[in-house]
1. Every residue in the range 303-335 that is farther than 14 Å from Leu234 by Cα and small (Gly, Ala, Ser), please.
2. Can you name the condition, by its number, that Ile421 falls short on among (1) β-branched (Val, Ile, Thr); (2) modelled with pLDDT of 80 or more; (3) within 27 Å of the chain's Cα centre (by Cα)?
3. So Gly290 clears everything in (1) of a type outside the set (D, E, K, R); (2) at pLDDT 70 or above; (3) over 23 Å from Gln382 (Cβ atoms); (4) crowded, with 18+ Cβ neighbours inside 10 Å except one condition, right? Which one?
4. What is the residue count in the range 163-178 for residues that are part of a helix (DSSP H, G or I) and surrounded by 15 or more Cβ atoms within 10 Å (Cβ to Cβ)?
5. Suppose the filter is surrounded by fewer than 18 Cβ atoms within 10 Å (Cβ to Cβ) and either modelled with pLDDT of 90 or more or among the basic types (Lys, Arg) (or both); does Ala59 pass it?
6. All but one of (1) touching a residue at least 60 places away in the same chain (Cβ under 8 Å); (2) outside any loop (DSSP other than H, G, I, E, B); (3) of a type in the set (A, V, I, L, M) hold for Met76, so report the exception by its number.
7. If you take the residues in the range 58-73 that are assigned to a loop (DSSP other than H, G, I, E, B) and among the aliphatic types (A, V, I, L, M), which one is nearest to Arg148 (Cα to Cα)?
Amino acid sequence: MGKSPSNEADQVNSNQLVRPTPVNIESSFHYNELFFSVTDHQSAIQFANDVFLRVAKYAPDEILGQYHNLIRHPDMPKAAFKVMWDHLKANQSVAVYVKNLAKDGSYYWVTALVFPCKGGYLSIRLKPGSPIFEIVKDIYRKTLSYERELEQTLPREKVVQKSTEYMLQLLKDLGYDTYEQFMRFALLQEILNRDKHLPQKDRLKFQNHKKFSLESLEMVSLILSEFVTYTHQLHHIHTQLDQHSNLLLDLSKNIQAISQNARLQSSKLDRDNQSLFVVSETMGQQTKKGEKSLSDLISSLHNLHLIFSDLSFDIISSELQVEMTRKYLHELKNTHTVDSQLIDQKEAVQLLNNAFVPRLKRVYTAICKIPNKQVELLSKLQNIEQFLTVLRYIYITGKVEISRLSTSDLKFNDTFEQLRIEIDSAEKHLQTVRAMMSENTILFHKYESLNEQLISNYSSI
């Protein structure tokens, strides 16, 4: 990290160490290890925990006070840091994959979660390993190659701008419309992957829970871990809901086209067949209402998805922050080293605490808002069901009137058969949406239960 995206790589101070020459050797660490650092607003390192120091291979007196770009690996594209800084300068937390450089030139990859904090920034890092990590490495390679091409003809500022646009487009091509959408999904995948690799002894369990001074933090970690499991399931449900709601909107447009065709055909009939014109007009009116109802449903689904997406990020961030706090407190309890950091241990604990406590409150508040959204969504779902019932009645009425036609024109019959096919298809999609909404409600009840446990333990931290 540095003062800004434009000069981050070029920062030096009077005591800045020389960045080592990279070698293709990994400085490894384990999934159960987390490390964190605190920097000031100028990105000078003020605090680094033991895991950080061990993996980066620096002594405290070597790295403290150094700018964070000391450990920046040349394989990292500038675009990744531009995205990171855009979030931090907007006072927003951000998750980013980073390849770092150790003192001996070896490398280590991290998924970094960076939070603005009092006096600077707090960064928690975990070991990446999900399938999306391999995709990110490929995106970084392509972006870095593109940056190097641009550097031949453009100034640095333009290079960063264009390469950032290029990287974000690569993510968009994979289905992530925004970086926020990507980072939330990626962070969830990394947490789930990490959980699979944790040794059994590092998995907290409700049974045989030890009574000691960190009990509340342990319980909060358990609750947040359960939240993450349900968040993964909710993400799957909401992805499917988006797909089915968009298909329903397409079907609505098809029905609108059928309605227009029916009105056009009925306008050519003689007076003896005007009842079919009335049916066609009614179909047109109902279809317009139905399209609006579908648009409202899709808007509500999208809003609920955004709420759960933000909630997911807050839950995962809180889980990592609480775990990091627990690990650091254990680290202090089990070691007797002299504190040589630029900020003392008590302040470091306070910074960690200040990072997750407000976020836990935000998680609780967001979950409390969801019931009204669920009720609103179910109401709009019922409106669509009523719309399809009306269309079904119009179809039956139309078929009756077609049978009374004084002409042998079969176009009307084909038109109303197309209507039936679209109604059948819409009803199937709607049944799937309702079934997924039921799953969504069941999971949410689990959220509510966990939320009550969260607030009771949160209050005792």
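The values are calculated or read from the model by the stated rules, or taken from the named source; none is laboratory data. These figures come from a predicted structure and were not determined experimentally. Because the Cβ atoms are built from the backbone with ideal geometry, glycine has one as well, and the counts that use them run over all protein chains shown.
1. Within the range 303-335, Ser317, Ser318 meet the criteria.
2. (3)
3. With (1) of a type outside the set (D, E, K, R); (2) at pLDDT 70 or above; (3) over 23 Å from Gln382 (Cβ atoms); (4) crowded, with 18+ Cβ neighbours inside 10 Å applied to Gly290, the lone miss is (3).
4. If we filter the range 163-178 for residues that are part of a helix (DSSP H, G or I), which is where we start, we get 163-173.
From what is left, the residues that are surrounded by 15 or more Cβ atoms within 10 Å (Cβ to Cβ) are 163-164, 166-168, 170-171.
Selection size over the range 163-178: 7.
5. On the way: surrounded by fewer than 18 Cβ atoms within 10 Å (Cβ to Cβ): yes; either modelled with pLDDT of 90 or more or among the basic types (Lys, Arg) (or both): yes.
Here the answer is yes, as Ala59 does meet what is asked.
6. (2)
7. Step one: list which residues in the range 58-73 are assigned to a loop (DSSP other than H, G, I, E, B), which gives 58-59, 64-66, 73.
With among the aliphatic types (A, V, I, L, M) added as a condition, the list becomes 59, 64.
Values: Ala59: 34, Leu64: 31 Å.
The extreme case among them is Leu64.
Residues are listed down the side, and each one gets a yes or a no for (1) in a helix (DSSP H, G or I); (2) at pLDDT 95 or above; (3) in contact with a Pro (Cβ under 9 Å, 6 or more places away or on another chain); (4) over 20 Å from Pro22 (Cβ atoms):
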position: Phe81; (1), (2), (3), (4): yes, yes, yes, no
position: Asp86; (1), (2), (3), (4): yes, yes, yes, yes
position: Tyr97; (1), (2), (3), (4): no, yes, yes, no
position: Val110; (1), (2), (3), (4): no, yes, yes, no
position: Phe115; (1), (2), (3), (4): no, no, no, yes
position: Ser123; (1), (2), (3), (4): no, no, no, yes
position: Phe133; (1), (2), (3), (4): yes, yes, no, no
position: Tyr140; (1), (2), (3), (4): yes, yes, yes, no
position: Tyr146; (1), (2), (3), (4): yes, yes, yes, yes
